[in-house]
Amino acid sequence: MPKRLAKLHPLIVSVVLLITAGSSLPAQTTDAKSDTPKFVDHSLLIAPEFPCTWPAHPFPRFQITHQRTIGPDSAYNIDVLLIDGNTGTQLDVPPHSVARPDLKREKSGPLGLAYTDKIEAWQFGGEACVVDIRDLLDQAPKGVSPLVKREHVERFEKQHRKVRFGDVVLFRSDYSDKYYRPFPEGSRFVADALDRKAPGFPDPDPDCMEFLASRGVMNLGTDSASMGPLPDLAEPTHYAGLKHGMIWTESATNLAALPATGAFYCMIGPKHQGGPYSNGRAFSIVGGELPKRLIESAKAKRAIDLSPTLAPNLPITSPGAGTGQHRQVYLKLDFLYSEYLDLWHHTHLMDAMAGTHLVPPSFALPPEGAKPAYSPEVRGWLAEYEAKYGPRGTSSLTTEKVPLEWTCGPVRVMDVTSLVGHTDKKSWPASPEIMPAHIQEFEKQNGDLKRGEVVLFRTGHLDQHFKAQPNEAGVWLDPLNGKSEGWPALGPDAVVFLKSRGIRCVATDAPDLGGVNPKRALMTYWALGSREMVGVEFLHNTAKIPQGGYFLFAALRIRDCHGGPGRAIVLF
């Protein structure tokens, strides 16, 4: 939450709620003992008609533009996003309140440099400890937040166990479940509380934060619109936690689906350079042995970040082959200056596939009933494709409809770096093609692929070529323009083979799965989409993944999006 703006409202006398440590609420009823892991989404839907952005001036409203749709000008659905970090379910990190050390101010410290791109991957996950504070909902005057105090945490501890390092303490009031609605009802979510028309959202006071820090807790979450109590404790509460290196989720939802303890909770989002906060995707895994395994990995700091940083001077979006074919470049747009922190609040104008991103079936497939007028060249490709692989199919499976379990699972890293350097220069632009034989050889040496696994192709391309301007040409420009060989790419025959193995998600540490030959690339995406398979593209650090790792990726939950930025990590 932008705390400074909340403080612009006239101060109201806050209410101190007296509770007893021995009081009780109905226990969480979710069964965590099922043998089958279940994914639970805790992310609000991001859409223009919802109160998904902070409503006070000058924060920009979320926008999605369907820049190109499948037709004569494009074989793909391509979207552009205008999205601020305070959009939907979001992540706060220390620089939101801790000043940089070079400023030498009272609240300066090393954690003032712990931006969203610097937080280590292990800290994003842990064991969910759901502190039930439903008795506080709406129990305050208009414009005032009911306060979550240390006694509420102690009440939880009396009923369950002490919270500790490795836990994610989640404050469940059911606020977002009740009030996150389309406009005009959606004004109740934030605006009415700021305008003193309704009670504020329940939030912890600074002493509660200090108490959690004393327990070693490094990750929190709330289903309120912010972790900052109205009207005047937003900044003190934020600083009380962030100065200890905490991170937290704001605007979570659906916490009722979790048991009091035992679920694995994770919050991951795009890796914006220098971001004091970021939009993200929060989810949990309940049931079976998997949550325990992932909790232990995060607690032991066994995690690998697979997502490159997003920055305007880095080659994170396609420049296209030929003039006018580039995607929306990634822009950081400043709109509000914080004098104390000496930083700008900023939004981003970006392609929906900037950096690490999801490829849903609807990226290359038209919706049901549509009859796109492809260009003559693409019509010829389609006829050839359907003659060999069957109907191209249709799909309305946009990003927000892709189940979380499709993009998470045990990871099988297939090293295809041996394919590099084997194309004829006269054929460029061309990518070495990953064929069924390569996958069969991998299975012969490493065991058959299994349903539910994520197959990740290690090409080494981004590890070698991902460099800032003016040395960025090796990632996209040179391969697309035939000045160098393209990265190893997945062929449609390999897609068909992977589907026969029950594989739902394929990933790559190259810019994309399709490669630089437009015909082969389109056939690959048609093959993926028509088989209800998804892709995760633009990874790096894949050589560091050990055997037995678990892949976690989730894209922002944006309605009607045909791509979707996100972040990928591996716990092991």
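The alpha carbons of region 248-295 stretch over 37, 22, 12 Å along the principal axes, in descending order. Taking the charge dipole of the chain about its Cα centre, with +1 at Lys and Arg Cβ atoms and -1 at Asp and Glu Cβ atoms, the residue from Gly245, Leu81, Val329 reaching farthest to the positive side is Gly245. Among the GluC sites (Glu not before Pro) within region 353-387, those in coil by DSSP and having at most 16 neighbouring Cβ atoms inside 10 Å are Glu368.
Rounded to two decimals, the Cα-based Rg/Rh of region 240-382, with Kirkwood Rh, is 1.06. Could you check the spin-label model distance between Val329 and Arg105? Points 7 Å from the Cα along Cα→Cβ, value in nm. For Val329 paired with Arg105, the spin-label model returns 3.1 nm. A DSSP coil position with no more than 15 other Cβ atoms inside 10 Å describes the following GluC sites (Glu not before Pro) in region 86-158: Glu106, Glu120. The orientation-averaged shadow of the Cα convex hull for region 355-571, equal to a quarter of the hull surface, comes to 12.2 nm².
Computed per residue of the chain from DSSP H runs no shorter than four, each worth -39500 (n - 2.57), the mean residue ellipticity at 222 nm is -5000 deg cm²/dmol. For region 103-115, putting each phi into the Karplus relation 6.51 cos²θ - 1.76 cosθ + 1.60 with θ = phi - 60° gives couplings of 6, 6, 9, 4, 9, 7, x, x, 5, x, 10, 8, 6 Hz, in residue order, rounded to whole numbers and with x for Gly and Pro. Sorted largest first, the principal axis extents computed over the alpha-carbon atoms of region 280-336 equal 52, 35, 19 Å.
Listed by chain and number, the lysines whose C-alpha is less than 22 Å from the C-alpha of Lys444, apart from same-chain residues fewer than 8 away, are Lys499.
Protection proxy ranking, highest mean first, for peptides 346-354, 447-455: 346-354, 447-455, where packing is the per-residue count of other beta-carbon atoms within 10 Å, averaged. How many percent of all Cα-Cα pairs in the chain sit more than 35 Å apart? Beyond 35 Å sits 37 percent of the P(r) for the chain.
For Trp487, the amide hydrogen comes within under 5 Å of the amide hydrogens of Val516, counting only partners 5 or more places away or on other chains and with H modelled in the peptide plane. Between amide H atoms placed 1.01 Å from N, distances below 5 Å from Val168 occur with Glu127, Ala128, Cys129, all of them 5 or more places distant or on a separate chain.
Looking at region 324-384, the chymotrypsin sites (Phe, Trp or Tyr not before Pro) that sit in a DSSP loop and have at most 16 other Cβ atoms within 10 Å of their own Cβ are Tyr340.
Every read-out reported here was derived from the displayed coordinates using simple, explicitly stated rules and does not represent laboratory data. This structure is a prediction, so every number in the text was calculated from the model and none was measured. Cβ atoms come from the backbone with ideal geometry, glycine included; neighbour counts cover every protein chain shown.
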